[in-house]
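To start, the structure itself, in structure tokens.
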Amino acid sequence: MGSVKATTGNIRKAAAVIRAGGVVAFPTETVYGLGADGLNPAACARVFEIKGRPHFDPLILHESSAARAMKLFSKVPPGAKRLAARFWPGPLTLVLPKAAAVPGIATSGLPTVAVRVPSNPTALALIRAAGRPVAAPSANCFGALSPTTAAHVKKQLGGKPDMILDGGKTSIGVESTIITFEGGRPVLLRPGGLALEEIEKVAGAVAHARRDGKAPQAPGCLAKHYAPKARLKIIPAGAAVKPSARAAYLAFSKRPAGKWAAVKVLSPSGSLREAAAGLFACLHTFEKKGVRVIYAERVPAQGLGRAIMDRLKRASAK
Ligand code: TXA
Ligand code: MG
């Protein structure tokens with residue numbers, strides 16, 4: 001089926017679909033999610049199937065309030081409580097020991113669960129009406145570009161979800177920042193829509209997940225991810241790259257000279273927030289044009305620039 005506008009009536013219908021074990025794509029403030037009843041193992045299994053997602057890669061449970069979200073954890077360190085109080089609803093996901101009620105399929109058998117309270121009004125209304133945690137990964141095919149519009153969802157998943165709620169373009173445009181705790185201290189699993197600087201003001205210095213197996217990691221944060229079909233090459237801003245009518249150019253703030261197949265400027269004013277909001281939409285546009293190479297300029301690795309560079313690096317991985 002096509003997508004439907006996120007009206008009160010359609011949100012109510014979507015909630016009924018979720019309660020009945022169905023799968024609904026819906027907007028959040030970060031990217032679109034592919035949602036199902038997080039306490040229903042068969043419904044969660046359908047989400048994995050529709051995305052083509054490997055079963056080792058756990059889902060995020062979405063709740064409608066911090067109080068309800070906390071019930072999905074069995075242990076919450078003080079730093080995590082402070083983060084939840086300050087940043088929920090918002091683009092922050094906490095990974096903590098799971099409560100017994102959370103089914104193993106949602107966490108891929110891990111003893112921890114990822115939870116967040118989104119701030120998008122459609123998402124909140126849907127979760128509230130469903131009356132249960134909604135398990136939702138990004139509504140894309142596994143490894144492909146994340147969707148920031150209902151059209152992006154439709155292009156990748158077609159008629160597989162039972163319903164697609166169209167709530168317009170997502171405001172933040174990159175996925176949530178994922179934080180876990182080790183010995184009471186915060187560890188970054190994925191940079192995202194909430195700047196690390198903001199998190200550190202509330203929870204102190206944040207350690208970075210390592211790939212040596214000694215520190216926790218997000219199983220889904222693979223080296224190659226968020227990838228367009230074209231080859232993506234990261235270049236310094238303003239680098240002298242030879243223009244090509246077969247390549248696309250993703251600039252941070254200044255339009256490059258020369259003739260390109262397509263050019264997008266993420267933020268003429270140099271705002272990292274604006275750049276993050278438009279990142280995936282620009283890559284989707286390039287993909288639609290069928291370009292073979294995308295040159296993407298580096299952005300400053302601060303604030304939301306960290307999330308942008310993370311996505312560009314994964315998109316450029318071989
Ligand atoms: O903004 C977002 O977070 C969006 C919207 C829809 O809320 N969701 C999203 O979900 O990005 P997804 O599934 O594409 O990414 C979730 C990430 C994956 O990399 C997964 O491996 C990690 O979270 N994750 C989930 N549960 C985990 C756990 N228990 N321990 C470590 N990582 C976990
Ligand atoms: Mg994803």
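Values quoted throughout were computed directly from the atomic coordinates according to the rules given, and no laboratory measurement underlies them. Not measured: the values here are computed from a predicted model. Heads up, the Cβs are rebuilt from the backbone with ideal geometry, glycines too, and the neighbour counts pull from every protein chain shown.
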Checklist entry - Counting Lys and Arg as +1 and Asp and Glu as -1, each charge on the Cβ, what is the dipole of the range 231-316 about the Cα centre in debye, to the nearest 20? => result 300 debye
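Which order, highest average first, do 30-40, 268-278 follow once you tally other Cβ atoms within 10 Å for each residue and take the mean per peptide? Let's see the in-between values first.
On the way: 30-40: 27.5, 268-278: 17.5.
Output ranking for 30-40, 268-278: 30-40, 268-278.
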Item to check | Rg/Rh for the chain, where both radii come from Cα atoms and Rh is the Kirkwood radius | outcome: 0.96
Item to check | Dipole magnitude (debye, nearest 20) for the range 161-318, charges at Cβ of Lys, Arg, Asp, Glu | outcome: 980 debye
Checklist entry - Can you pull the Kirkwood radius for the range 113-236, inverse mean 1/r over Cα pairs, to one decimal in Å? => result 16.8 Å
Checklist entry - So how tilted is helix 305-316 from the main axis of the chain? Cα-based, degrees 0 to 90, rounded to 10. => result 70 degrees
Checklist outcome for this item: Computed from the beta carbon distance with a Förster radius of 35 Å, FRET efficiency for E198 and V293 to the nearest 0.05 stands at 0.50
Item to check | For peptides 143-154, 98-109, sequence by mean Cβ density within 10 Å, most packed first | outcome: 143-154, 98-109
Checklist entry - Which whole-number percent is the relative contact order of the chain (Cα, under 8 Å, 6+ apart)? => result 20 percent
Checklist entry - So for the chain, taking the charge dipole from beta-carbon charges (+1 Lys/Arg, -1 Asp/Glu), which of A223, G38, A237 sits furthest toward the positive end? => result A237
Checklist entry - Using θ = phi - 60° and the Karplus curve 6.51 cos²θ - 1.76 cosθ + 1.60, what whole-Hz ³J(HN,Hα) does each residue of the range 183-198 get, with Gly and Pro shown as x? => result x, x, 10, x, 10, 7, 9, 7, x, x, x, 10, 5, 4, 4, 5
Checklist entry - Between S65 and E182, what FRET efficiency comes out of the Förster formula 1/(1 + (r/R0)^6) with R0 = 30 Å and r the beta carbon distance, rounded to 0.05? => result 0.70
Checklist outcome for this item: Residues whose modelled amide H sits under 5 Å from the amide H of I294, counting only those 5 or more places away in sequence or on another chain, are R231, L232, K233, A248
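Hey, can you rank 219-232, 127-140 by average C-beta count inside 10 Å, highest first? Spell out each step's value before the answer.
Details: 219-232: 17.3, 127-140: 23.6.
The most tightly packed comes first, giving 127-140, 219-232.
I want the antiparallel fraction of DSSP beta bridges within the chain, as a percent rounded to 5.
So the antiparallel bridges in the chain amount to around 40 percent.
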Checklist entry - So what J values fall out for the range 122-136 if you push phi through Karplus, 6.51 cos²θ - 1.76 cosθ + 1.60 with θ = phi - 60°, rounded to Hz, Gly and Pro as x? => result 5, 4, 4, 5, 5, 5, 4, 5, 5, x, 7, x, 9, 7, 8
Item to check | Pairwise FRET efficiency - T7 versus S74, Cβ, R0 = 41 Å, nearest 0.05 | outcome: 0.60
Item to check | Residue (of C282, L61, L272) at the positive-pole extreme of the chain, dipole from beta-carbon charges | outcome: C282
Checklist entry - Can you give the extra length, in nm with one decimal, that the chain gains between K313 and I235 once fully stretched, where that is 0.36 nm per residue apart less the Cα-Cα distance? => result 27.0 nm
